[in-house]
1. When the Karplus curve 6.51 cos²θ - 1.76 cosθ + 1.60 is applied with θ = phi - 60°, which whole-Hz ³J(HN,Hα) does each residue of the range 44-54 get, with x for Gly and Pro?
2. Put K70, K61, K47 in order of accessible area, largest first, 1.4 Å probe: what do you get?
3. If I ignore ligands, DNA and RNA and count only protein heavy atoms, how much of V36 is accessible to a 1.4 Å probe, in Å² to the nearest 10?
4. Just grab the label-to-label distance for C78 and K43, each label 7 Å out from Cα along the Cβ direction, in nm (one decimal).
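The values are calculated or read from the model by the stated rules, or taken from the named source; none is laboratory data. Quick caveat: nothing in here was measured; it's all calculated off a predicted structure. Using ideal geometry, Cβ is built from the backbone for each residue, glycine included, and neighbour counts are taken over all protein chains shown. All accessible areas refer to the heavy atoms of the entire protein, side chains included, with ligands and DNA or RNA removed. Shrake-Rupley method; radii C 1.70, N 1.55, O 1.52, S 1.80 Å.
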Amino acid sequence: MAALITTTAPNDAGFTPGFYLVRESDGQRFFIAPGVNSLALEKVAGKHLSEKVGWGYWIDKYLGTDVAGKPAWLNLDCEDLFF
């Protein structure tokens, strides 16, 4: 298993480690918070989900970059952690 860089600053991949709302209609990811934060989720969902783009989403966790500099995502729905 590759080592991960765990920093809260944006890395070379352009993402900040933490939780992201993933919009189902187009797969776009929007940063929620570095840790579980239900209020931040509500704010991000209110801003990026709508009748026009759809209401479907799931929550992924960005872990940082691996030693090769590639983005390392958990790729599991973390929604249960927020509710």
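1. With the stated coefficients, the range 44-54 comes to 5, 4, x, 7, 10, 10, 7, 4, 5, 9, x Hz.
2. Per-residue accessible area, sorted high to low, gives K47, K70, K61.
3. Surface accessible to solvent at V36 totals approximately 80 Å².
4. Label at C78, label at K43, 1.7 nm between them.
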